[in-house]
1. Look at B:Gly293 and say whether it is in a helix (DSSP H, G or I), modelled with pLDDT under 95, open to solvent by less than 40 Å² (accessible area, probe 1.4 Å) and not polar (S, T, N, Q).
2. Kindly establish whether A:Ser32 is part of a helix (DSSP H, G or I), open to solvent by less than 100 Å² (accessible area, probe 1.4 Å), within 30 Å of A:Gly231 (Cβ to Cβ) and among the polar types (S, T, N, Q).
3. Taking the stated definitions as given, is A:Thr84 facing another protein chain (nearest Cβ under 9 Å), open to solvent by 30 Å² or more (accessible area, probe 1.4 Å) and touching a residue at least 24 places away in the same chain (Cβ under 8 Å)?
4. Run A:Glu332 past the list (1) within 27 Å of B:Thr392 (Cα to Cα); (2) outside any helix (DSSP H, G or I); (3) among the charged types (D, E, K, R) and report the number of the one that doesn't hold.
5. Suppose we filter region B:206-218 for residues that are outside any loop (DSSP other than H, G, I, E, B) and closer than 18 Å to B:Tyr382 by Cβ; how many remain?
6. If I filter region A:304-318 for residues that are small (Gly, Ala, Ser), facing chain B (nearest Cβ under 9 Å) and open to solvent by less than 10 Å² (accessible area, probe 1.4 Å), do I get at least one hit?
7. Search region B:412-424 for residues being at the interface with chain A (Cβ under 7 Å from one of its Cβ atoms), over 45 Å from the mean Cα position of the chain (by Cα) and free of Cβ contacts under 8 Å to residues at least 12 places away in the same chain, and hand back the single one that is farthest from A:Glu291 (Cα to Cα).
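The values are calculated or read from the model by the stated rules, or taken from the named source; none is laboratory data. These numbers were taken from a predicted model, which means no experiment stands behind them. All Cβ positions, glycine included, derive from the backbone under ideal geometry; neighbour counts span all protein chains shown. With ligands, DNA and RNA removed, areas are computed over all heavy atoms of the protein, side chains included. Shrake-Rupley method; radii C 1.70, N 1.55, O 1.52, S 1.80 Å.
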Protein chains: 2
Amino acid sequence: MQTYVNPPRNQWDELLQRPQLDVSGLYEQVQSVLDEIEVAGDQAVLKYSRMFDGYEGAELQVGEEEIAAASSKITKELKSAIETAAQNIKTFHATQWQLMEKVETQPGVTCWQKNVPIEKVGLYVPGGTAPLFSTVLMLGVPAKIAGCREIILCTPPGKDGKIHPAILYAASVAGIDKIYKIGGIQAIGAMTFGTESVPKVYKIFGPGNKYVTAAKQLVSLKNMAIDMPAGPSEVLIMADESANPAFVAADLLSQAEHGAGSQVILLTTVPELLDAVMAEVEKQVKSLPREDGARGALNDSRAFLLTSIDEMIKMSDLYAPEHLILAVNDAEEVADRIINAGSVFIGHYTPESAGDYASGTNHTLPTYGHARTYSGVNIDSYIRKVTFQHITPEGLKQLGPVIQEMAAAEMLDAHKNAVTIRLNEIGD
Amino acid sequence: MQTYVNPPRNQWDELLQRPQLDVSGLYEQVQSVLDEIEVAGDQAVLKYSRMFDGYEGAELQVGEEEIAAASSKITKELKSAIETAAQNIKTFHATQWQLMEKVETQPGVTCWQKNVPIEKVGLYVPGGTAPLFSTVLMLGVPAKIAGCREIILCTPPGKDGKIHPAILYAASVAGIDKIYKIGGIQAIGAMTFGTESVPKVYKIFGPGNKYVTAAKQLVSLKNMAIDMPAGPSEVLIMADESANPAFVAADLLSQAEHGAGSQVILLTTVPELLDAVMAEVEKQVKSLPREDGARGALNDSRAFLLTSIDEMIKMSDLYAPEHLILAVNDAEEVADRIINAGSVFIGHYTPESAGDYASGTNHTLPTYGHARTYSGVNIDSYIRKVTFQHITPEGLKQLGPVIQEMAAAEMLDAHKNAVTIRLNEIGD
């Protein structure tokens, strides 16, 4: 971790650069796989599953027996933890459902919004070294609350052709039973175009590596909606004299262990704390199974000694972190002043991993500066707010002349006629 | 308008095809203009303003005098209409601000969401044959309600280098004073990269031709957020025996006058009504100044005679129209059953043009099937819902083991450590 003492403001942008992603040739390569899936369906999906995942099977949908067997393959403790997390996620996301009222904007003119679930959604859960069953809950539970009619899940199989039982169990808890053993670009392609086995969906959710992200971006140029542009994970921690260096170091490492590409940033006003945290990071990182990955991320990471809480807030807002931990005095008050962040963790006993798993907030969050404009996944991600209006003849008599005046000035005569023809019929 | 009598279900997809957009070479062409603006700033913007808009001036920002003079250049009636429309838009959009409560998902674990405005937004208002000042209100009024700190507006100048006074007046009413006389790809590029004259923004809103749309899509692949993918406008009307053929024809034409590329669809269960509407369309279209454009759109348009209201709802949901007019009995009840639409107009005295201008709902809506997944522009478009959480030591004692269990199963040891190290400190 590189350390900077009170750098001048005009260097902040440069110092807060995220690791550059190498995308040369990426889009062309991904597009060609997508094109093949569009044409050849299952056959192309299976070809690339063999090539990328080493999956030699022919079955794409997970069978009922495999799903039913999952429950007996994981511990009672893990099942209970998954259920508690699902319950908290459900509790929190259910409160996000906005109640809508009808509004009479002027007499006889009534307008309203209604939450309507997106009919068909596809959830992607990456594979890799560990079974990310927590992502199944984060994407699946709100989809169910929103009332999406068709919810499918794609996740890559292991070489043995199986899906990890914790993923299948989490899917059961979330109420998802259409699960496909398909990973990477193939999964995005299959859900976009539909194949013999996989239904086409309207919106795709979920994190992934650069191939998955590129595939999501490419299909979003056509007619597919996606949750958000995803990138490597990141955390920014503000710490003052009230912070515990061991806690801060543990939080930095919990992000860093995602490996190279991830980034962690520490801001503090206390030189002694900075030193103590660096020492703790060095001490704790040695005992991590993912030490190499963590050190890779730390190479791209930065610590800043700044002069005040105001400076820390300014720098954090400029960076717009996915995760922001406030290990400072008056953390709630500081939280109120934050503009750009995905999810904010307040105080010394609120580690990021609480939100990653079980407190109830969503862990699918905007990275790479997108927190300036995107929310994390929430109920809104699964619905549309459709507007409705009803106007009475009396209402149109009042509002009509306004519409006529404006339509005429925009030289849209037919827009005006649609009012005139009605007002003529209504009469005086 | 092509007419179809009760086509079999397996032909619906084909019959509801939208006009294809020719995008060959488009993205390459647009990208090269964007690249030049990124490098050369104002100089490139001015070059393309000369080339595309015939603007020979050197001034990019609209001066205070030009803004101040606008008020005296339009009629009292138009000013009053703009003010009424703005007031209704404000009334309706203000009700969309969601109140958020703190939720204790389990004892000591408190989570909440907060609405935080996007700091910097750019609004694009197209030029062309008419001054689209209504779009200034539709994009500007909610930006103000949301509390965006910096709101800028780009719109192409006329050859005389001026912006239409109605646009400037609408901007004043909306409270926007940073206005740039820049159109097309140049505007999108300038707002994305920032230039000597134009500040960089975080999100770009607004409709446009295929060049503007392609530019928005291309910058959205980088780090820019956009409101939605925009396409040509469209309306679908459901009509039964209660409908007035002249009203229905007027509504079809109010959409068709946007010209070729736009599409209008009529669904009805009543053969006589179908004939009467077709006759009325033919009669009314002749008197339109934009007759040619309207006929262009009608060429790509369709009318369907179906057997029941249920069939009409199914077909409409399959099409997912931007605008849906319900000229049927029990229109409110039918409205309740609609799944895919941008904005719904209920009953015989609710023309689409009411929502286009003045009833209060937004007219920036998802086209081209995007209504399946996107909402129209609303307050949410200008904010993020940032999540916060606070956990007490007692709360972490309860929730901690759940997090530890899940982190261990995902083989993320550092995530687990962040909890363990705190629980050790809390003790029993």
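1. Details: in a helix (DSSP H, G or I): yes; modelled with pLDDT under 95: yes; open to solvent by less than 40 Å² (accessible area, probe 1.4 Å): yes; not polar (S, T, N, Q): yes.
Taking the combined requirement at face value, the residue satisfies it.
2. The answer is yes for A:Ser32.
3. Yes: the conditions hold for A:Thr84.
4. (2)
5. 1
6. So far as region A:304-318 goes, no, none of its residues is small (Gly, Ala, Ser), facing chain B (nearest Cβ under 9 Å) and open to solvent by less than 10 Å² (accessible area, probe 1.4 Å).
7. B:Ile421
Conditions tested, residue by residue: (1) facing chain B (nearest Cβ under 7 Å); (2) closer than 25 Å to B:Glu119 by Cα; (3) not basic (Lys, Arg).
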position	(1), (2), (3)
A:Asn329	no, no, yes
A:Glu333	no, yes, yes
A:Arg372	yes, yes, no
A:Arg384	yes, yes, no
A:Glu405	yes, no, yes
A:Glu410	yes, no, yes
